[in-house]
Amino acid sequence: MRPSKTAYKALAQARALGKDYGRAMVKKHLPPAVAKYSVCTHTDWDVVVESASGCRVRTVDGRSHLDVAAGIGALSTGHCHPRVSEAIAQQASSVIMAQQNIFPASRPMVALLERFESVMPPHLQHFLFQNSGSEAVENAVKIARCATGRPNVISFQGGFHGRTYGAMALTTSKVIGRQNFGPLMPATAVAPFPYPLRTGLTPKKASREALEGLRWLLQTQSAPSETAALLVEPIQGEGGILPATPGFLEGLRALCDEHGMLLIVDEVQAGMARSGQWWSHSVLSSVQPDMLTFAKGIASGFPFGGVACRKELLDKVQPGQLGGTYGGSALGCAAASATIDVIRDEMLMDNVQARSKQLIQGLERLRDKFPIADIRGEGLMLGVEFAGQGVKGGDASKVTTAAGRHGLIMLSCGTRETVRFLPPLVIKAEEIDEALELFERALADVFA
């Protein structure tokens, strides 16, 4: 049934109201648990996106925002990169879906596999494709349990691995992500993750202490003979932008080798060139994981993710035990291939390293004016933690809200007072300067 002329007229009038129309629709239909989005605006409910390009987002109220959140790191090549958008559009006109449990592959999947031969670690050349980081993590757990015959999985304090039930059980970045949803998946345990600023230890000593905590856990909670895998973010994202300290990943690898456990690195947020290399664990160490989960930046914001594994692990899983309706979609594969091509052709890893240095230098200059206790991370995955006299609980959220008033979209993270910079990898030098200027204004609003 077609809408009446009266209905069309009412809709046109409502849309003409701009942000007021958006606010009304959001309040009427979307849950506050998802659609609060007060972090980048001075008034709740009025951020409705009209269009976006590169590092810029335009909302229906006519405002232009500089985006250094990038869809929580998903928009690796920026909003609507022409080559990624064109790849999706072209693919949509030929094959949208070639379901992976029916067809072995589609042409765009084969093209992506060819690119993965040089992008993925050479010992991780077998893949299970899914749609998101949560699905990737849960399938990695399934593979680990099946391959080892062991039930338990150990994750690390402050880690974030997803919002679905299995991934949520392995997540401890904030209690709000688990609160009121129990009971969660059993056979999990949580080990310490090094946090030098809060422990007062040097990075190497922080690694040793965290590894000792893991050894104690293996003696008291999860016997090595019952532990299938350790699951770790090389750089914790939601937990506060905390890179693994020197020796920590090496220690995990040694314990896994000693006890026959698998090492799974969650590269969902930190991977795909955000650290300045394809994968963040390779920036921090020479450790070779047994599995690697990827999503977010792999397809520039298009839903796509998966697991990269050692062949012998997937060989132990029977036909029919893995899959999923939309995993490995033709559109997702096309977007991922285009993303990889853009990162290479536009030399974005070089840009990441240059813009990271520029951003860190600019942030360091703000230390004398504001209570900045730490600036940490790798590449364009940087965190700024506030501490000291005058800093109160909730100040990080106040900073992101203030930033929104000045036209800067950014996010907080962790249970400490930390904000993060996760801009698109295409960000320009002048946009870094602009972000620093707007960030300084926000800090002045909160800490003046």
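The values are calculated or read from the model by the stated rules, or taken from the named source; none is laboratory data. Computed from a predicted structure; not experimentally measured. With ideal geometry, Cβ positions are generated from the backbone for all residues, glycine too; neighbour counts draw on all protein chains shown.
If you go through region 86-118 one residue at a time, how many are touching a strand residue (DSSP E or B) at 6+ places or on another chain (Cβ under 8 Å) and aromatic (Phe, Trp, Tyr)?
Total satisfying the criteria: 1.
For region 154-162, check the following and say yes or no: at least one residue is more than 24 Å from the chain's Cα centre (by Cα) and among the β-branched types (Val, Ile, Thr).
For region 154-162, residues more than 24 Å from the chain's Cα centre (by Cα) and among the β-branched types (Val, Ile, Thr): absent.
Got a sec? Which helices (runs of 4 or more DSSP H) wholly within region 46-157 have at least 2 residues that are among the charged types (D, E, K, R)?
Qualifying helices (runs of 4 or more DSSP H): 82-92, 107-119, 133-148.
Within region 90-104, work out how many residues are within 30 Å of Tyr165 (Cβ to Cβ) and surrounded by 14 or more Cβ atoms within 10 Å (Cβ to Cβ).
The qualifying residues number 4.
Residues being under 16 Å from Ala295 (Cβ atoms) and at pLDDT below 95: count how many of those fall in region 70-99.
Here the count works out to 0.
Kindly provide the set of residues from region 173-203 that are at pLDDT 95 or above, touching a Ser or Thr at 6+ places or on another chain (Cβ under 7 Å) and under 21 Å from Gly377 (Cβ atoms), ordered by number.
Pro194, Pro196, Pro203
Based on this model, can you work out whether Phe127 counts as surrounded by 14 or more Cβ atoms within 10 Å (Cβ to Cβ), among the aromatic types (Phe, Trp, Tyr), farther than 21 Å from Leu75 by Cα and under 22 Å from the mean Cα position of the chain (by Cα)?
yes
Output the number of residues of region 166-216 satisfying the condition of being assigned to a helix (DSSP H, G or I) and of a type in the set (A, V, I, L, M).
10
If you check Ile432, Ile427, which single one turns out to be crowded, with 22+ Cβ neighbours inside 10 Å and part of a loop (DSSP other than H, G, I, E, B)?
Only one candidate passes the filter, namely Ile427.
Please find, within region 380-399, the residue that is nearest to the chain's Cα centre (by Cα) out of those that are of a type outside the set (A, V, I, L, M, F, W, C) and surrounded by 22 or more Cβ atoms within 10 Å (Cβ to Cβ).
Once the filter is applied, the top-ranked residue is Gly383.
On the basis of being touching a Ser or Thr at 6+ places or on another chain (Cβ under 6 Å), assigned by TED's automatic domain parsing to the domain that holds Val137 and surrounded by 16 or more Cβ atoms within 10 Å (Cβ to Cβ), does Leu217 make the cut?
No.
What residue, of Ser118, Ser134, Ser207, Ser155, is hydroxyl-bearing (Ser, Thr, Tyr) and surrounded by fewer than 17 Cβ atoms within 10 Å (Cβ to Cβ)?
From the options Ser118, Ser134, Ser207, Ser155, the qualifying one is Ser118.
Within region 20-57, take every residue that is modelled with pLDDT under 55 and under 30 Å from Glu86 (Cα atoms) and give me the one that is surrounded by the fewest Cβ atoms within 10 Å (Cβ to Cβ).
Ranking the candidates gives Tyr37 first.
Looking only at region 403-424, which residues are crowded, with 24+ Cβ neighbours inside 10 Å and assigned to a helix (DSSP H, G or I)?
Ala403
What residue, among those in region 226-258 that are of a type in the set (D, E, K, R) and farther than 19 Å from Phe421 by Cβ, is surrounded by the most Cβ atoms within 10 Å (Cβ to Cβ)?
Per the criteria, the residue is Arg253.
Can you give me the ranges of the helices (runs of 4 or more DSSP H) entirely in region 259-359 with at least 3 residues that are crowded, with 23+ Cβ neighbours inside 10 Å and among the aliphatic types (A, V, I, L, M)?
Where helices (runs of 4 or more DSSP H) fall fully within region 259-359 and carry at least 3 residues being crowded, with 23+ Cβ neighbours inside 10 Å and among the aliphatic types (A, V, I, L, M), they are 330-345.
Could you say whether any residue in region 383-392 is of a type outside the set (A, V, I, L, M, F, W, C), outside the structural domain of Ile241 (by TED's automatic domain parsing) and at positive phi?
Within region 383-392 (the criterion being of a type outside the set (A, V, I, L, M, F, W, C), outside the structural domain of Ile241 (by TED's automatic domain parsing) and at positive phi), the answer is yes, since at least one residue qualifies.
Is it the case that region 2-9 has a residue that's farther than 24 Å from Met349 by Cα, within 26 Å of the chain's Cα centre (by Cα) and either among the hydroxyl-bearing types (Ser, Thr, Tyr) or at pLDDT below 70 (or both)?
No, because not a single residue in region 2-9 is farther than 24 Å from Met349 by Cα, within 26 Å of the chain's Cα centre (by Cα) and either among the hydroxyl-bearing types (Ser, Thr, Tyr) or at pLDDT below 70 (or both).
Any residue in region 253-263 that is in contact (Cβ under 8 Å) with a residue 60 or more places away in the chain and under 30 Å from His79 (Cα atoms)?
no
State all residues of region 139-152 that are buried (at least 24 other Cβ atoms within 10 Å of the Cβ) and either within 20 Å of Val190 (Cβ to Cβ) or modelled with pLDDT under 95 (or both); if no residue qualifies, say none.
Ala140, Val141, Ala144, listed by residue number.
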